[in-house]
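S.K.: One structure coming up, written as structure tokens, with questions to follow.
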Amino acid sequence: MRRKIRAAFRSRRPAPAAAPGRLRCMNPTTPPAPDAKGATAPAAVLCGTDFSPAATAAAGIAVAFARRLEAPLVLLHAETRTAANAPDDRLEREVARLRGTGVEVRAEHVRGLPDEQLVIRAQPERSRLLVVGALGGRTAGRWVLGSVAERAAERAAVPTLVTRAPEVLAAWLRGERPLRVFVAFDFSRSAEAALAWVRELRALGPCTVITGFVFWPPEQRARLGGSGPLRLEGSSAEELAMIQRDLRARAAEVLGGGDFEVRAESNWGRQDVRIAEMAYECGADLLVTGSHQYHGFERLWHGSVSRGLLHHAAMNVAVVPLAAGAGPALPGPVRRVLAATDFSATGDRAVARAIALVPRGGVLHLVHVVPPHAASAETSTAGGPGRELAPLAARLRALLPEGAEARGIATNVEVVTHRDPASGILLAAERAGADLICVGTHGGSGRFDTLLGSVAQEVVAKSHRPVLVVPSPRE
């Protein structure tokens, strides 16, 4: 057993460069070769072909994308039993057919496994889009999962389009009809990369965009701080409305404008299966999903929604890797500000700073957290204050700025009952959909090390929303 483990680790070490004429190992970081003048060739649309009907149709879509993007097309054919760069009449005929469209087409006939060779060449410096047909085989004798399209889409560093219904894509690229695009969204960075790619897709032609979110009910219940028994049919109408609000706000920030639809649904079963069904019910022509691109045992441990969608979806599928996103996600405009106060001078100073940050047409949400023993037994289930909490709510309302309505600012106050003040603040921020949280710290210098053990530090550590820490006034 130990020898097998050592052999497995040795097999994962990078292999030395192969001699000319021998099969090269996969190296996704291979840089593009410069041309005769030393300049790097422009990024091309890459298409893999095995000359099957599905591959021929995918090549037609690839050349149409290349024409719209004003980019060259690289047609790749890989085999394991022929010498690299050997002539192939089928490849030459296919290249001649595609060149008839007026697009620059280059042919590559290489030796190796098709999916690995596609991944090698699908790098941002040499390719901007990979197009493959949904069907395609791989040499027998190796234990693999999925088709060539699935394996290439999961590992390519550029967006991969897997064609199942190429005729609707061709009609859209000709300007004959809009494209119905369903984006699988879950508030992750990879999902945001997929939505950002759809924004670029809109520039090529009219698109009807549907953003869908399929979620596990207990997870969202915990995020929103819901109480009461969990229903078998999923989240309550109030929780679903808050989830749809957050989904619409984030999608609007990433898409940067334009109309789109929002679908959110709780589900106890497999997420990928329900997303594929939802896309079909929406009449989608293209399903777009992000990919975390787990490798090896990570893929088996975490699972792969993108692989499930490639397997189950009945329409064209585009898989967008996280690398396609342009750097970290930037925060959107601040419109909804939540400020937490304990009615100390520091807490009230955080409220004043929050008031100054709320723009015209924005929302100011003031929160005070009390432990459960301070709450009355008559506190309403809707979250309103009971008789013992009403004075606290009145103190919050006293902090509201005069003339807020005249400035077009909506205001809310909430007395939250929670044994942990930081968790109470974070749950209130989720319910309010806050773009920014303002909290005060009693550290006079405002330095982070003075927050050790404080509520402010815990809020900063646990929040996925921006947090503004306001130091106490110096005496």
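Laboratory data are not the source of any read-out in this text; all were calculated from the coordinates shown. Keep in mind that this is a model prediction, so the values were computed, not measured. Here the Cβ positions follow ideal geometry from the backbone for every residue, glycine too, while neighbour counts run over all protein chains shown.
S.K.: To check you understand DSSP bridge types, tell me what percent of the beta bridges within segment 166-324 (both residues inside) are antiparallel, rounded to 5.
M.R.: Of all bridge pairs located within segment 166-324, approximately 5 percent are antiparallel.
S.K.: At a Förster radius of 41 Å, what calculated FRET efficiency corresponds to the Cβ-Cβ distance of residue 344 and residue 267, to the nearest 0.05?
M.R.: 0.40
S.K.: Would you kindly derive the ³J(HN,Hα) couplings of segment 241-252 from the backbone phi angles with the Karplus curve 6.51 cos²θ - 1.76 cosθ + 1.60 (θ = phi - 60°), listing them in order in whole Hz, with x for Gly and Pro?
M.R.: 3J(HN,Hα) across segment 241-252, in whole Hz: 5, 5, 5, 5, 4, 5, 5, 5, 5, 5, 5, 5.
S.K.: Scan around residue 207 for amide H atoms under 5 Å from its own, H built in the peptide plane at 1.01 Å from N, and keep only partners 5 or more places away or cross-chain.
M.R.: Under 5 Å from the amide H of residue 207: 179.
S.K.: Next up: Calculate the translational D of segment 166-324 in whole µm² s⁻¹ from Stokes-Einstein, where the hydrodynamic radius comes from the Kirkwood formula applied to all Cα pairs, the temperature is 10 °C and the viscosity 1.306 mPa s.
M.R.: In µm²/s, the coefficient is 97.
S.K.: Moving to a separate point now. Convex hull volume of the Cα atoms in segment 61-131, per residue, in Å³?
M.R.: Normalising the Cα hull of segment 61-131 by residue number yields 83 Å³.
S.K.: Taking H as built 1.01 Å from N, whose amide H comes closer than 5 Å to the amide H of residue 80, not counting residues under 5 places away?
M.R.: Distant-sequence amide H within range of residue 80: 112.
S.K.: Using amide H atoms built 1.01 Å from N in the peptide plane, name the residues 5+ places from residue 316, or on other chains, whose amide H lies under 5 Å from its own.
M.R.: 164, 165, 287
S.K.: Can you tell me the order of 414-420, 233-239 when each peptide is scored by its average per-residue count of other Cβ atoms within 10 angstrom, highest first?
M.R.: Ranking the peptides 414-420, 233-239 by packing returns 414-420, 233-239.
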